[in-house]
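Please read the structure below before turning to the comments.
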Amino acid sequence: MIAYGAKCSIGDQLHPNGEMNMDTYRLMGEAYAEVERKEPWCDQVKPVARIAVVSCEQNQHRWRGGHAQSVVADEGVGRMLLELHQPFVVLDEHADWTGFDLVVLPDSFVMTDNFVVKAKAFLAVGGRIIAAGTALLDETQTRFAIDPGAKLLGRSTNDPDYLLATGLTPDVAVKSAIVILGGAFDIKPTKAKVFVERRSSYFNRTWEHYCSHQHAPDAPDAMPPAAIISRQIVYFAHNLFTAYRTYGQPLYRDFFAAALSKLLGGKLPVHTNLPTAARINILEQRKERRYVAHLLYATTSMRGSFNGNPVEIIEDLMPLRDTQVKLQLSKKVKSVKLVPEGGELEFRIEDGVVAFNVPEFTAHQMVELAY
């Protein structure tokens, strides 16, 4: 909670006999004692994020009430960014896009007239957009409301498809075709370049067309692209974020990471050797003239389920050693230290990027970067 600038809150239910459960409150007391030590670096904070996600679930009244598809798309984007260690904020329909370098539109996003105005204004001042599925289409889904440098041909009848890496996605480790379910929109580039190629399966699996695997292999024939890139926009024709949340294929995240890197000119807000399960977030305390970087890491274990959802237990806290961090920050950093313990860290600044190493931490570590 404190790593993301939230206030701490724990609810309880009083036993009918009026007695407090002292084991519960002893545990809560230990947690709040740790928060109290860290509180000076957690109060009155603002997120430091150059990337924003415009939520499908929260920003459009038509989806309110638990529309599952929009929740899945939002979570897919969120998980990708968390695992890539790129700080971000989630915007609703009223939030301003000003101040962000890049906005992500999940694949269930609906581009209303109001959003068309906002997106065009954002692009006009140099903003960049990553979108998938319906996100750039008008409300009838018959044309692009925001031109990504391509023409919409219609909805493909192929399902599943395959993604194929190109020279613009060199860091995607697998160069052969990668299956993705859910279908796609057929698009024809006009000004944009092909970012990810696409292949279809030999046939859609039906009772009349059977393959011993879950789907037929990829056919060699060329298809409309799976993703395109222009100077300011990357568009994925599949529901990439929903697919990632549903199936967890890390290669989908690699294609998204390539899009981030290309649109931001390789200057990602954060570079770190943290494992994908770890988290990093950057907050700012303007009155104290400092940034606070939060590092988090814990291994989880699946133990049963609750209300149909798997339960993830954190039981064993393992230390991480030699954590390397590079941050792009707008203000010149004068000192870097571990807080609240106060140990100074060596750091260096190159081209506006501050770099430092945290020798060791367990579970949670704050790093103060004073400016």
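Annotations
- In this structure, Val77 does not satisfy being assigned to a helix (DSSP H, G or I) and farther than 23 Å from Ala3 by Cβ.
- Filter result (of a type in the set (Gly, Ala, Ser) and in contact (Cβ under 8 Å) with a residue 40 or more places away in the chain) within region 196-226: Ser200, Ser201, Ala226
- Within region 88-116, tally of residues that are touching a Pro at 6+ places or on another chain (Cβ under 6 Å) and surrounded by 19 or more Cβ atoms within 10 Å (Cβ to Cβ): 0
- Residue match in region 172-193 (condition: touching a helix residue (DSSP H, G or I) at 6+ places or on another chain (Cβ under 7 Å), among the polar types (S, T, N, Q) and at pLDDT 95 or above): no
- Residues that are in contact (Cβ under 8 Å) with a residue 12 or more places away in the chain number at least 2 in the following strands (runs of 3 or more DSSP E) confined to region 249-349: 270-272, 279-285, 290-297, 309-313, 320-328, 335-339.
- Checklist (1) under 28 Å from Ala257 (Cβ atoms); (2) surrounded by 16 or more Cβ atoms within 10 Å (Cβ to Cβ) applied to Ala216, failing item: (1)
The values are calculated or read from the model by the stated rules, or taken from the named source; none is laboratory data. Values in this document were obtained by computation on a predicted structure and should not be read as measured data. So basically every Cβ, Gly included, is an ideal-geometry build from the backbone, and we count neighbours across all protein chains shown.
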